[in-house]
Amino acid sequence: MTQLTTVAPPEGFGATMRRDIWWLRPTLILAAFATFLIYGTICAFQEPLYTMKDAKGNPVLGPYVTPFESPNLIELGLAPAGVNLGPLLLTPALLVLWAPGGFRFTCYFCRLAYHRSVLGDPPGCAVGEWKRTYRGEKGFFWINNFHRYFLYVILIFVVFHWIHFLLAFYYKGHGLGIGVGTLVTGFDTIALTMYVGGCHSLRHLVGGRQNHFNQDSLTFKLWNFVSKINAHHGLWFWLSLGSVMLADMYMRLLAHGVIKDFNTWSSF
Ligand code: FES
């Protein structure tokens, strides 16, 4: 019979007996988080894109909406326009970014990512961590208990994304059509839907309280569907994070006249 012996790993942050490039993954994730955070913060304080008009008075984005301004509480009449925060304008992005921010921060997949990449707690399997005591969902991380509530809010965001995607086929005064912006919006909407659709809390919501499933029931079919998407939750997390940023970047470049949108309307 084979005898297994265990070897105590070396101690200290980053100390390990691993020979692979274990540090690459946490480093790339840290870079991705930093990029998104810096980009999002800068854009949230910029002039809102929905108010920008071209020389003829048409909206510079045509039928498109940036995901950073969806839903737009000011346009919906749920928040006042023109409010200043010191020298800065209270933008639609500032009003809503707490919801996707909170949803992602408390996401079970994201917790793993930032505990490894940002907090180094630990940075990888069998790799030494900072000398700190893991306190689970206590202290500041108590907020992680609210993931299910962030989910309820974010489901409203998903509905708004679909509305904006469908409206991206119709340019007022020019009729039905399609453009690169429509496809960009579509990809972002699908990525967000798949990310939210595979949420662990949603999986619990649709079928987690059952002791037995009737295999013909709608509950079982829904739970099965969410479980299948849930298997790729990490992938959809990254795709949707990337698509939000790329979609906003595309709309921003378009609004500032840096690029042109190829579309069937030939009008912007
Ligand atoms: Fe990741 Fe809910 S667990 S979004």
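No lab work stands behind these numbers, since they all come straight from the coordinates. Note that the structure is predicted; figures quoted are calculated from it, not measured. Virtual Cβ from ideal backbone geometry, glycine too; neighbours counted across all protein chains shown.
Quick look at the values:
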read-out	value
Debye log10 I(q)/I(0) for region 107-264, one point scatterer per Cα, at q = 0.14, 0.20 Å⁻¹	-0.89, -1.25
Percent of alpha-carbon pairs separated by more than 27 Å within the chain	50
In region 86-169, the trypsin sites (Lys or Arg not before Pro) that fall in loop regions by DSSP, at most 13 other Cβ within 10 Å	Lys131, Arg132, Arg135, Lys138
5 angstrom amide H check on Asp54, placed H, neighbours 5+ away	Val60
Size of charge dipole - region 167-268 - debye, nearest 20, with Cβ of Lys, Arg +1 and Asp, Glu -1, no other charges	140
Separation in nanometres of the label points that stand 7 Å from Cα toward Cβ, at Leu28 and His232	1.7
Charge sum, other residues only, whose C-beta stays under 12 Å from His200's C-beta, Lys/Arg counted +1 and Asp/Glu -1	+3
Euclidean distance between Cα centres, region 153-189 to region 86-139, Å	30
Cα-based shape type of region 1-142, given that a ≥ b ≥ c are square roots of the gyration tensor eigenvalues and the cut on a/c is 1.5	prolate
Top positive-direction residue, dipole computed over the chain with Cβ charges, set Pro100, Val159, Val127	Val127
From phi via Karplus (6.51, -1.76, 1.60), per-residue ³J(HN,Hα) for region 173-183 in Hz, x at Gly/Pro	x, 10, x, 6, x, 8, x, 4, x, 5, 5
Region 181-242 shape via C-alpha gyration tensor axes, a/c threshold 1.5	prolate
Average Cα contact separation per residue, region 150-204, under 8 Å, 6 or more apart, as relative contact order %	39
Integer Hz, Karplus 6.51/-1.76/1.60 couplings in order for region 245-254, x for Gly and Pro	5, 5, 5, 5, 4, 4, 5, 5, 5, 5
Bins of 10 Å from zero: percent of alpha-carbon pairs in region 94-182	14, 31, 23, 17, 11, 4, 0
Relative contact order of the chain, defined on C-alpha pairs under 8 angstrom at six or more residues apart (%)	23
Region 10-127 - charge dipole about Cα centre, Lys and Arg +1 at Cβ, Asp and Glu -1, debye rounded to 20	300
Nitroxide proxy distance, nm - points 7 Å out along Cα→Cβ at Leu155 and Leu218	1.3
Relative contact order of region 10-148, defined on C-alpha pairs under 8 angstrom at six or more residues apart (%)	34
